[in-house]
């Protein structure tokens, strides 16, 4: 009988470094094993899945434009069932949207339907320790529940933290019962591969009240990743839910951005989160903006550009699009 597929959930709030952590995990993957990644994003454009596909060349399945944690229905079931049906994977990593509540996702993975084929292993939650000093995060239900339901709680981006941040993180983590299977203090999402093999503690499920679905009102659930039609230069997409708004764009391969203009424009945006895979006159780039901190890295050649902006207030799509188009060569 074929061994069950091990499943790990890699979760965390917006911009905490989940995709970077998964990239680092995949670099450490045993050569003899076959893994896949299932990615869910708040926005329609699907940046994280594209980054993982470009950087790893591995099997990446996407559920864009909705929260699989709260509506683990047809899109999620289809995506996971297709991976299981291939009967070739030893492990599947699931990256939910940073705005997703994981309780129903975990319950789905523990159901008889999946238990026959899969074994839910440790769920890992990343957080930025500096967030714990911010009342906005301390009072956010989803942020706290992600941390509570995780078997392994990992402080990431610790290279920009101080001793006070570490003390607050340890106090926050140690106050949670049942106790975490492991705690981490890492930089650049450098996850310890041994954490993936830890068991899932299902007793955490009984400690929280059922998550209300009212916060997902207005959520659009897309069954297939968005795309451009032949000859189309670009297209925009919008989504909203749980108090957040997103606008994203796809650009055809022949639409090349001026690297200097684009970088300067992105750095001036006063928004919660920006992420993109972009074709520029200085090569292809992964670009990120979180808490007004801009970063970029070189990536493989792309057949299209994609950019997503997420904010906790309504976005002026027309003004943003005007600024973005002005960055094209």
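Here, each number is a calculation from the coordinates, and none is a lab measurement. It should be emphasised that the depicted structure is a prediction, and the values quoted were computed from it without experimental measurement.
Sorted from largest to smallest, which semi-axis lengths in Å does the alpha carbon gyration tensor of the range 235-302 give for its equivalent ellipsoid, taking the root of 5 times each eigenvalue?
Over the Cα atoms of the range 235-302, the semi-axes work out to 21, 15, 10 Å.
Please determine, in degrees from 0 to 90 and to the nearest 10, the orientation of helix 74-85 with respect to the longest principal axis defined by the Cα atoms of the chain, where the helix direction is its Cα long axis.
70 degrees
With an 8 Å cut-off on Cα pairs and a minimum separation of 6 or more residues, tell me the relative contact order of the chain in percent. Please report the intermediate quantities before stating the final value.
Numbers: 683 pairs, mean separation 62.6, N = 329.
So the answer I get is 19 percent.
Pull up the DSSP beta bridges for the range 248-318 and report the antiparallel fraction as a percent, rounded to 5.
Antiparallel bridges make up about 90 percent of those DSSP assigns within the range 248-318.
Taking Rg/Rh (Cα atoms, Kirkwood Rh) straight from the coordinates, which label in (1) 1.01; (2) 1.24; (3) 0.95 is the correct one?
Looking at Rg/Rh (Cα atoms, Kirkwood Rh) for this model, the match is (3).
Sequence gap at least 6, Cα distance under 8 Å: using those rules, report the relative contact order of the range 234-325 to the nearest whole percent.
Taking the mean separation of contacting Cα pairs over the length of the range 234-325, I get 33 percent.
Which angle between 0 and 90 degrees, to the nearest 10, do you get for helix 47-56 versus the longest principal axis of the chain when only C-alpha atoms count?
80 degrees
Distance between Cα centroids, the range 142-188 to the range 109-123: provide it in whole Å.
If we compute the Cα centre of each part, the gap is 25 Å.
I want the antiparallel fraction of DSSP beta bridges within the chain, as a percent rounded to 5.
The antiparallel fraction comes to roughly 55 percent.
Compute the long axis of helix 18-27 from its Cα atoms, compare it with the longest principal axis of the Cα atoms of the chain, and write down the angle in degrees, 0 to 90, nearest 10.
For 18-27 against the chain, the angle is about 70 degrees.
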